[in-house]
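Asks: Could you have a look at this structure, given as structure tokens, before my questions?
Bear in mind that the values in this text are calculations on the coordinates, not laboratory data. Predicted, not measured: the structure shown is a model, and the values here were computed from it. Neighbour counts run over all protein chains shown; Cβ positions are idealised from the backbone, glycine included.
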Amino acid sequence: MKRVVFLLLSFISVLIYAEEDNFISDIYEKYGKGVVYIEQSLYFDAANVKNKEIFKSIEKEYKVDILNTYITLGSGTGFIISSDGYFVTNHHVIDTTDLDKIKENFIKNIKKDFIDKIPENILPNDDYDNVVEDFRKLIKYSELYYRVLVDNKDIYFSKLVKSDKELDIALLKMEDGQNLVSLPIGDSEKLKVGNTVIAIGYPIPSSLFQVVKDFTSTVTSGFISSLRTDNLGIQHTASINPGNSGGPLFSKSGEVIGINTAGMTNANDMYFSITSRKLIKWLSFIDMEFLVEKNKKDASGLGNVYKVNEKGFLEMPENILVEMKAGYKIYVDNNLLGETPFLVKAIKSGEHTLRIESDNEFVSQKILVIKGNQDTFTYSPKMAKYKAQLYISTKPDKAEIYLNGKSYGKSPQMIKELDVGTYKIELVMGDEYFPLKDEVILKKNDLLKKEYSLPKGYVIKFSQELPEDSIITLKKADVNYEYKKGEKKYLENGEWNVTINSKIIETINLVVKIDNNDATVENIDFKYKDSEVEFVGLKKDSIILLDGKDITKNLKNNTIFVKAGKYKIMIKTSGYKLIEKEIEIHQAIKKVFNVKYTSNSEILFKSTYASVGVGLVVPSTIFMLAGIPLLAYSLSDYYVNKRYDIYKYANYDGYIKQMALTFGLFGAGVGLASLGLIMMAISIPMFNIKKKDGKDNKKTKVSLEINCFTDLYFACKINI
């Protein structure tokens, strides 16, 4: 009986888990297409680059696209709440409040992590500064885009409608969004602790291209562990990782009851979501409550799906909410109805032409109003810019033309198909001419002609030699230039604020006036920065005197800064010999002083052995002075007097006696000279011998090799 009960319970458990797996997979299958990947991108326009060939080499070497492509700044998740493209995410996912600072940090990171690591055969040293400047322009003039990936295949450009930093909620709208899967917004007030929840999102921060190629959205599940009263109202265990931010949290019934926002890095299974009730209240607060109603219709299947028919007419209900910024005029069949934001009510059924326009852009759409359909269609069209033409000529000609930072070739130039709007013109001629700047406003169908005479430029010279690493900054009104020593920058007349920066001198600020001629700066008062002196191997109890002044307390990490010049250094340390040395410190150049200590016992040890060495020198000299003459005499007598000729002697006994005397003198000479040499060899290293102490230990080996052969042939070798 017990076995039957156990099997029954096991079967019930399997059914429960199977049911849970089924509803999770059902929610993912049904609503996964309504979860979107959001990317903040900068578009790198090749028109802002001069050294295109080098960039092509870099792209080929690293197999990456840089020019005319989108570069990812950040990414996250969002979810669609209306079939025409409105979607919700976290504010922190799309926040670019300080875009200039973001770009500035981006430039620094690209230089450090990418450009500086490109090998010289790809990026020659002579082109390094130019490529860095090109990257700076690429980033500076790049435009920010919100790109959204739907169902891992469709990419939409989106615009920010509204966001709230404190609530961490943002609402965006896809351009041309139609027939999209809208996720039903549920009531988070009905939640209870222990309820099952499901999170869907893109948890791996990456580029949109990688997501399309390699990734899909992921699903995790858990349960509600706490319902809180703060902004992060739902605490649960469904895993949220970087990249999941802004994604939906579903209830078991498939309704969105929260916006996934954060997880605790130092706690397991502790994640937080903003309640759907807060989202609904916020939409009402920003006058977008109609989205709540539309969301209900989309979710119930009552919302109409509007599409373009075979004749090119966009099918619409009788009411159209034109949602755009203020100031756009709305026409239906050339009749002005009002200005945005505007709700066009009760349009007669049939075919019409809807036109929306401002001074700069327009859209014209053929519409088919469906009879009896009293829904409201939210219309946020993608606008087309009116076009204009601009003709620029210069004296002299062949000046490089830049409009809003983008190059358009050299003057004279007719530039066609320009979007209407405001353009900042910069004309650059190069040497001897000052860059000219202007601003023009192009209106629709304009043909604007501009003629410019480029002003002659002048340079600032310095009578004194500047440090090699000098960077000169020039400012005048809104003009700001920076260049290195040895380069030239041509300037217009007027007063210029000049700043000179270098590692070895204090910053110099000057005001230089240019009046139809080059300006020369004289008598600059250079104030050199203090030089760094580092003491390597310094013992803790050492006292350092610099020209007799105790500087020990001024040391930081065994380092001190002093003026350039010559100094006498004394280092006193208990148990060690006083260190005295004169050093020369150059301007703003680091000086490393290697401290080498000699212990007092070592000094005594060396002096003792030196005395022994001196004592050995005297007898060794005497032995050598006695032995060498005997050696010389015996050899001379042997060969000069031909003592080896036996026939010179009257009898054999006389020969033997003479040879014994000669060999005796030779042996005595060799013995005395050799003994003198050995004693001399021993005495020499004693002057340099050191006490055995770690790495300072030195060994001295002395060897004497003497070879004597018949006929008084003699060889002597000493090794030290």
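Asks: Hey, which of these cross-link pairs are over 25 Å Cα-Cα: Lys60/Lys437; Lys406/Lys489; Lys568/Lys591?
Replies: Flagged as over cut-off: Lys60/Lys437.
Asks: What list do you get for Tyr490, Tyr86 if you sort them by fewest beta carbons within 10 Å?
Replies: Tyr490, Tyr86
Asks: Further, regarding this structure: Going by how many other Cβ atoms sit within 10 Å of their own, how do Val428, Val618 line up, fewest first?
Replies: Neighbour counts put them in this order, fewest first: Val618, Val428.
Asks: For the range 386-453, what Kirkwood radius comes out of the mean inverse Cα-Cα distance, in Å?
Replies: Result for the range 386-453 stands at 11.9 Å.
Asks: Moving on. May I ask which of Lys475/Lys503; Lys325/Lys345; Lys297/Lys371; Lys101/Lys456 have a Cα-Cα span longer than 26 Å here?
Replies: Lys101/Lys456
Asks: List the aspartates and glutamates whose Cα lies under 18 Å from the Cα of Lys311, skipping any in the same chain that are fewer than 8 positions away.
Replies: Asp333, Glu351
Asks: Ranked by Cβ crowding within 10 angstrom, fewest neighbours first, how are His236, His352 ordered?
Replies: The fewest-first ordering by Cβ neighbours comes to His352, His236.
Asks: For the range 386-453, build the charge dipole from Cβ charges (+1 Lys, Arg; -1 Asp, Glu) around the Cα centre, then report which of Pro435, Gln413, Leu390 sits farthest towards its positive end.
Replies: Farthest along the dipole direction, towards plus: Leu390.
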